[in-house]
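Heads up: the structure comes next, in structure tokens.
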Amino acid sequence: MRKNSIKNTRINSEVQKELSEIISRELKDPRIHPMTTVVSVEVTPDLKFCKAYISVLGSEEAGKDTVQGLKSAASFIRTQLAKRINLRNTPELSFILDQSIEYGVNMTRLINEVTAGMNESGAKEEDSEEELLEETSNE
């Protein structure tokens with residue numbers, strides 16, 4: 001089975017869905033931030049290992065604490081995953097903190113600041129152009 005086969009894609013999406021549900025509803029660890037999202041999942045073709053990319057809406061410290069909490073609860077999560085999904089092998093889970101959502105939000109904020117600055121300078125230029133037109137028409 002190739003890494004990007006249809007079967008592997010379906011397994012990845014099913015594991016992602018179930019992991020999201022387990023993390024949000026089943027885990028009671030106080031280290032795990034309530035705004036934790038499973039961004040993507042990569043299960044190896046032999047179903048032995050799984051990389052779960054986790055995003056946490058909050059501080060960097062909250063993200064690190066959440067990953068630590070998930071690593072300590074990995075055996076419980078794997079057991080729950082085995083009960084919910086019928087796979088030949090239940091993959092061994094590794095959690096990776098994904099910063100892409102935070103990066104995207106930061107870039108959007110920076111773009112908005114630049115465009116707001118351009119709009120302000122553009123409005124000033126338009127005002128000066130209108131004043132020049134009025135002056136030339138009055139003469």
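Listed values, structure above:
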quantity	calculated
Accessible-area composition of segment 4-134, carbon plus sulfur, in percent [1.4 Å probe]	54
For segment 4-134, diffusion coefficient by Stokes-Einstein and Kirkwood Rh (Cα), 20 °C, 1.002 mPa s, µm²/s	124
Estimated FRET transfer efficiency when R0 is 25 angstrom, pair E92-K7 (beta carbons, to 0.05)	0.80
Accessible area per residue, Å², segment 4-134 with all protein chains present, probe 1.4 Å	65
Out-of-range pairs (alpha-carbon distance over 18 Å; input K7/K71; K7/K83; K7/K48; K48/K83)	K7/K71; K7/K83
Dipole magnitude (debye, nearest 20) for segment 4-134, charges at Cβ of Lys, Arg, Asp, Glu	2020
Nearest-0.05 FRET efficiency for V114 and A74, computed from C-beta distance (R0 41 Å)	0.45
Rounded to 5, the percent of DSSP beta bridges in segment 4-134 classed as antiparallel	55
Gain upon complete extension [K51, D29; 0.36 nm per residue less C-alpha separation]	5.9 nm
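The values are calculated or read from the model by the stated rules, or taken from the named source; none is laboratory data. All of these numbers come straight from a predicted model, not from anything done at the bench. Note: ideal-geometry Cβ built from the backbone for every residue, glycine included; neighbour counts use all protein chains shown. What goes into the accessible areas is simple: the full protein's heavy atoms, side chains included, and nothing from ligands, DNA or RNA. Shrake-Rupley method; radii C 1.70, N 1.55, O 1.52, S 1.80 Å.
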